[in-house]
Amino acid sequence: MLKRQPLEEGKRTRCLSTAKTFLPGILGLSLFIFLGLGTEWLFFKYRQERTAELKAATVSQLDKLVLRLDGELNAVYYLSYGIADNWVVHQDMPAPEQTRNIFMDVFRHSRHVRRFAVIADSQVAYVYPPGDEGQAVNSEDKTQAAQWPWFLRNTETHTPVLEWPAPPARGGLTFLVPIFEEGRVLGLLGTLLDESSLFSASGLTQTSDEYEYALRGQRSDGKTALMLLGAATLFDDPETLVANIPIPGGNWQLAVKCVTDPMPEVWPWVLRIVGWFFAALSSALAIALWALNCRLVDQALYDHLTGLPSRHLFLDRLKQVIRRTRRGHGNFSILSVNLDGIESINERKGRKVGDMLLTGIGKRLIGYIRHSDTVTRWKGEEFLVLLDGCPQNQAKIIAENLRHQIELPVYCGEQKLTVRAFIGIATFPDDGRSLAALLKAAEARKVRDSG
């Protein structure tokens, strides 16, 4: 006797139902995440390119500022070196009557120069423009002048130096050039600079809307001497670009940071929002299309009322069983089940109750066949059962069991409903080799058995 597997079809149905429920959501969520990540990647790439553009612009700005500042300083250097060379040629320059006209002409054509000072024999011999000599160097008491140690260093090493003495209030940015001939020191030329004019002409301002600047000086020993411009914290910012500017007697460090927002435009953010909206819309459409496809498949393959395989699916499985049975020289049976009493229930209780009864009978049929068998609602009140590999004698036993199950009462609320079942059996190939022949044989046997 064939072993029944009443719960196998139910498990398969529940698995398919679960898959149909969760797969559309998984597909939609995956598509949403994929498109959303694609949007974020494009936004990141745009931001990265924008940041690279701003960095390149900052590098260009830094190079331009270095060139301009170096050019302005060189103009001061050349001017001071020219005066020093002239001093070597005319060693009587320290006399005021010989120097006034020279300094007046040079000062008229100079840039960023506040004052010249000639120092000879540890004394300030001449200052131009005259007056307030203390702005250049304190000549009254050299032991109290904070800048005097590096005055001496220049004369001893015979090297020029550009320095901002500390405290700045006692002087200013000063370029010192020692004057010597054949190893003999003739004196020292000090050029006091107007740092505001120098930095402004170099493009270093604190009012820029695009960049922030800072400038600090280092002595030749590597120690940081003084902040000349801006805030010292700018040098600690990882986004700051720093360039070294060699100067006589030390080194300057120029820091530039771009303060422009890399994403100032509105449209990249709009496109980002549109991208996420498109991802959500695409996800919703994918879920809707999946659900629609599932409904169409269900309508094509399963009966809309009972959920049993449709006529189309039943015929497809029948063809497969026929081909397999012919190759194996076996047999299979078909049960044709007719229900008597459905029409009466529809008239007395309503179509809805009759449909519920048909659905319940379909579930009973599924519960008492194997996984390899197929049940379909062939038409109206008629069901067909395809029993794969089942000879006629075993099919008769199955038919009796199904008849008993179908004719058991069905309760709809407090109402007890019953129907009669007429089952005809046809076996391949004894009763026919086509569905039409098998159905004809089953109908004839059903009438005979019922009679």
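Note: relative contact order over the range 302-450, using C-alpha pairs below 8 Å and six or more positions apart, is 31 percent. Label positions at residue 232 and residue 407, each projected 7 Å from the Cα along the C-beta direction, are separated by 10.7 nm.
Among the chymotrypsin sites (Phe, Trp or Tyr not before Pro) found in the range 311-376, not one is both in a DSSP coil and sparsely packed, with 13 or fewer other Cβ atoms within 10 Å of its Cβ.
Determine one quarter of the surface area of the Cα convex hull of the range 332-380, which equals its mean projected area, and express it in nm² to one decimal.
On the way: hull surface 14.9 nm².
Value for the range 332-380: 3.7 nm².
Subtract the Cα-Cα distance of residue 291 and residue 359 from 0.36 nm times their separation in residues, and report this length gain in nm to one decimal. Please list the in-between numbers first.
On the way: separation 68, 0.36 × 68 = 24.48 nm, distance 2.33 nm.
Contour length minus the Cα-Cα distance gives 22.2 nm.
Can you pull out the trypsin sites (Lys or Arg not before Pro) in the range 309-381 that DSSP calls coil and that have at most 15 other Cβ atoms within 10 Å? The qualifying sites: there are none. Pairs 349/416; 349/396; 396/446: which exceed 23 Å Cα-Cα? Violating the 23 Å limit, Cα to Cα: 349/396. In the range 302-450, the alpha-carbon atoms span a convex hull of 101 Å³ per residue. Spin-label pair residue 444-residue 305: with each label point 7 Å from Cα along the Cα-Cβ axis, the two points sit 3.0 nm from one another.
With θ taken as phi - 60° and the Karplus curve 6.51 cos²θ - 1.76 cosθ + 1.60 applied, the whole-hertz 3J(HN,Hα) list for the range 336-350 is 9, 10, 10, 9, 10, x, 5, 4, 5, 5, 4, 6, 8, 10, x Hz, x standing for glycine and proline.
Close amide H partners of residue 303, meaning residues 5 or more places away or on another chain with modelled amide H under 5 Å apart, are 308, 310.
Arranged from fewest to most other beta-carbon atoms within 10 Å of their beta carbon, 269, 378 become 269, 378. Rounded to the nearest 0.05, the FRET efficiency derived from the C-beta distance between residue 159 and residue 49 at R0 = 45 Å is 0.40. Shown here for the range 255-362: GluC sites (Glu not before Pro) in loop regions (DSSP other than H, G, I, E, B) with at most 14 other Cβ atoms within 10 Å, namely 265. Shown in residue order for the range 47-63 are the 3J(HN,Hα) couplings computed by the Karplus curve 6.51 cos²θ - 1.76 cosθ + 1.60 at θ = phi - 60°: 5, 5, 5, 5, 5, 5, 4, 5, 5, 4, 5, 5, 4, 4, 5, 5, 4 Hz (x for Gly and Pro).
Can you tell me the order of 404-413, 300-309, 423-432 when each peptide is scored by its average per-residue count of other Cβ atoms within 10 angstrom, highest first? Kindly include the intermediate steps, with their values, before the conclusion.
Details: 404-413: 13.0, 300-309: 16.4, 423-432: 20.8.
So the order, starting with the most tightly packed, is 423-432, 300-309, 404-413.
No value in this document is a laboratory result; all are computed from the given coordinates. What you see is a predicted model; the values in this text were computed from it and never measured. A quick note on method: Cβ atoms are made from the backbone with ideal geometry, for glycine too, and the neighbour counts reach across all protein chains shown.
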